[in-house]
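The values are calculated or read from the model by the stated rules, or taken from the named source; none is laboratory data. The shown structure was predicted, so the numbers you read here are calculated from the model rather than taken from an experiment. Neighbour counts are summed over all protein chains in view; Cβ atoms, including those assigned to glycine, are modelled from backbone coordinates with ideal geometry.
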Amino acid sequence: MTNYVALFRGINVGGKHILPMQELRDILAALGCENVQTYIQSGNAIFASSARADALADDIKNAIDDRFGFAPQVLLLTVERFQAIAAANPFPEGEKTPTFLYVWFLTGASVEPDLNALNSIKAPSEQCLLSDCAFYLHAPEGVGRSDLANKVDRHLGVATTARNWRTITRLLELIQVKSGQ
């Protein structure tokens, strides 16, 4: 069994693509996932499965589409990969205000990112870094005010899903509880 973190993009936002977390837990259980736990309504789940990540992500997306009529992007990361992305945070000072520190998890490598465009819209107070599997942004004036935060996907050239540091920290805590650490 592999322990996964599932990050869903675009569910329960602005009254669209409504997916109750109990329904999500039921779908995951029906697909053979075990020890399913969800965190907040934006679509975060932790579970164990013997399925391969790419096949399981497609199965989850299709099951949601069959039941609710929309197919959200599903990004599956092993717990170890999720922990490594969090541990690689280049802006630890941002952890003091966790809603101003965001990580965009990449669905694949950003082959031709437009870093010049990203840097040109970055506010002077903002810090950002692109790694091979994540884009980190510390926006001390708030992500809601950040032009960069609103245009990350467009300039990375790869689909992403973002989480603030508060959510990442909570998922890390849930992982520790599950593993008995």
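The table that follows gives values for the structure above.
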read-out: Some residue of the stretch 44-51 being surrounded by fewer than 20 Cβ atoms within 10 Å (Cβ to Cβ) and in a helix (DSSP H, G or I); value: no
read-out: Pairs where the first residue, in the stretch 76-92, is modelled with pLDDT under 95 and the second is in a loop (DSSP other than H, G, I, E, B) and of a type in the set (A, V, I, L, M), C-beta under 8 Å, 6+ apart; value: none
read-out: Filtered residue count, the stretch 152-181, keeping only those that are buried (at least 20 other Cβ atoms within 10 Å of the Cβ) and acidic (Asp, Glu); value: 0
read-out: Sole residue being in contact (Cβ under 8 Å) with a residue 40 or more places away in the chain and either at negative phi or not hydrophobic (A, V, I, L, M, F, W, C) (or both), chosen from 130, 148, 156, 118; value: 156
read-out: Selection status of residue 64, in contact with a Pro (Cβ under 8 Å, 6 or more places away or on another chain) and among the aliphatic types (A, V, I, L, M); value: yes
read-out: Looking only at the stretch 102-123, and only at residues there that are among the polar types (S, T, N, Q) and within 21 Å of the chain's Cα centre (by Cα), the one that is surrounded by the fewest Cβ atoms within 10 Å (Cβ to Cβ); value: 107
read-out: Scan of the stretch 130-151 for residues that are over 15 Å from residue 108 (Cβ atoms) and surrounded by 20 or more Cβ atoms within 10 Å (Cβ to Cβ), ordered by number; value: 136, 137, 138, 139, 146, 148, 149
read-out: Given (1) surrounded by 21 or more Cβ atoms within 10 Å (Cβ to Cβ); (2) not in a helix (DSSP H, G or I), index of the condition residue 82 fails; value: (2)
read-out: Residue 1 crowded, with 18+ Cβ neighbours inside 10 Å and within 25 Å of residue 173 (Cβ to Cβ); value: no
read-out: Qualifying residue in the stretch 30-41 (condition: closer than 19 Å to residue 161 by Cα, out of contact with any helix residue (DSSP H, G or I) (no Cβ under 9 Å at 6 or more places or on another chain) and not in a loop (DSSP other than H, G, I, E, B)); value: no
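Here's the yes/no breakdown for (1) at pLDDT 95 or above; (2) in a helix (DSSP H, G or I); (3) closer than 30 Å to residue 34 by Cβ:
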position	(1), (2), (3)
95	no, yes, no
103	yes, no, yes
109	no, no, no
119	no, yes, no
136	yes, no, no
150	no, yes, no
162	no, no, yes
